[in-house]
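The structure under discussion appears below in the form of structure tokens.
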Amino acid sequence: MPLPAAEPSGPSTTLFDVTVVDNETGPPFYVDAEPLTAGEDDAWATQRLTIVSEWHTPIAVVIPPSEFVLDSRQVSLPSKGEVKKGELTVLQSGASLPLLLELKPRLPDGPAPGVYQIDVPITYWRNVDPVVGPTGPPENTLILQISYDILDARTASAIRAFCEQAVDGAADLTEIDQERLNRGLDIIEAAASELPQQRGEELLAEIAVLRPRLEIWFGPDPGHSGFSTGPVIAIINHLCHTSLHGTSVQA
């Protein structure tokens, strides 16, 4: 019996992207994000972020509120974070700070399939006294914009079938070898037939751009050409929870 398109799947199949909003100088830390896991009590899901200092002297950060509401009545609109005062922590160089986000639904059945967005602010200071902490106003506030793509069960099943084939092909796109690159694209292109139409078309469009560039680069006169497998790899990383790195060359 086919699954109805609107039947939601679990948190483990939710796709997400993390982007930095309006930060020109770059923060003195980086952030790792783990996949979603099922929540407890009234949380639908949780996601662990880790803030890691890469500054040579102590820094201070204020972690944001940890509870965010995914409003099932307004799919594709930004969710509303609960406003709470964060806690200040001083980090030595290389030290890390965990942050566990709790995603709560408006309705008891959980959020409907769709795209939700939350903003996670992280305020910071550089070069602080490790004992006293910061004494002046913060240097800046980094905004992590996290987009959650909650899948319906049918879409989740299709993406899972795609990934079972495509990840092996994507591994070939990390090499500068014509035979392996073409073989990888063939595998990914065939696997794309498993995807829902819009997602498959996005991937096939990137492959269509890449193929002629490969032909020129590996041809007798590459000239000023070049190619990058990054756009194709980025789609697969997003869909399959992988962290592969693409390859690129320029003449």
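The values are calculated or read from the model by the stated rules, or taken from the named source; none is laboratory data. Source: prediction; values computed, not measured. With ideal geometry, Cβ positions are generated from the backbone for all residues, glycine too; neighbour counts draw on all protein chains shown.
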Considering region 129-155, residues that are among the β-branched types (Val, Ile, Thr) and crowded, with 20+ Cβ neighbours inside 10 Å, and then whichever is nearest to ASP109 (Cα to Cα), we arrive at ILE150
Discussion item. Yes or no: region 213-230 includes at least one residue that is hydroxyl-bearing (Ser, Thr, Tyr), more than 26 Å from SER9 (Cα to Cα) and crowded, with 19+ Cβ neighbours inside 10 Å.
Written reply: yes
Condition (residue is assigned to a helix (DSSP H, G or I) and touching a strand residue (DSSP E or B) at 6+ places or on another chain (Cβ under 7 Å)) applied to region 193-203: is it met by at least one residue? no
Filtering region 44-65 down to residues that are surrounded by 17 or more Cβ atoms within 10 Å (Cβ to Cβ) and closer than 15 Å to GLU102 by Cβ yields TRP44, ALA45, THR46, GLN47, LEU49, ILE63, PRO64
Exactly one of ALA166, ALA158, ALA153 is at pLDDT below 95 and within 28 Å of ALA112 (Cα to Cα), and that residue is ALA153
